[in-house]
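One structure below.
Please treat every number below as a calculation from the coordinates, not as lab data. Please read all numbers here as calculations on a predicted model, not as lab measurements. Backbone-built Cβ (ideal geometry, glycine too); neighbour counts: all protein chains shown.
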Amino acid sequence: MQVAARTYRARKKRLPALRTLEDARITDALRALKVPDAKGRPRPEIIYGRRKMTQSLRRNGFPKDGRRAGDLLNRDFTVPRHRTGSG
């Protein structure tokens, strides 16, 4: 893929987005759960569901507010309601 030299240099100088950094921190924390403990056993957190995992992340310094990131593209995924006629 061809990229202009100016674009390449600008991209290399730009700092990563805050969300990218936070996502990387969370991903690293989740991957660390796959590492067995000192006795070679899997960590109990590896079988947590979404709610328990969210609470575990909060306890370990990952404050999550439960809100999704905003839609920067202003997409509309609603479907018009289809009325069914009777008779």
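Quick notes
- Just so you know, the Cα atoms of the chain work out to an Rg and Dmax of 21.6, 70 Å.
- From least to most packed, judged by other beta carbons within 10 angstrom and beginning with the fewest, 78, 20 follow the order 78, 20.
- Estimated at 0.36 nm per residue, the fully extended path between residue 18 and residue 34 surpasses their Cα-Cα distance by 3.2 nm.
- Residues residue 6 and residue 65, FRET efficiency given R0 of 35 Å [Cβ-Cβ distance, rounded to 0.05]: 0.40
- Shape of segment 25-75, Cα gyration tensor, a/c cut at 1.5: prolate
- Full-stretch length increase - residue 81, residue 52 - with 0.36 nm per residue and alpha-carbon distance subtracted: 6.8 nm
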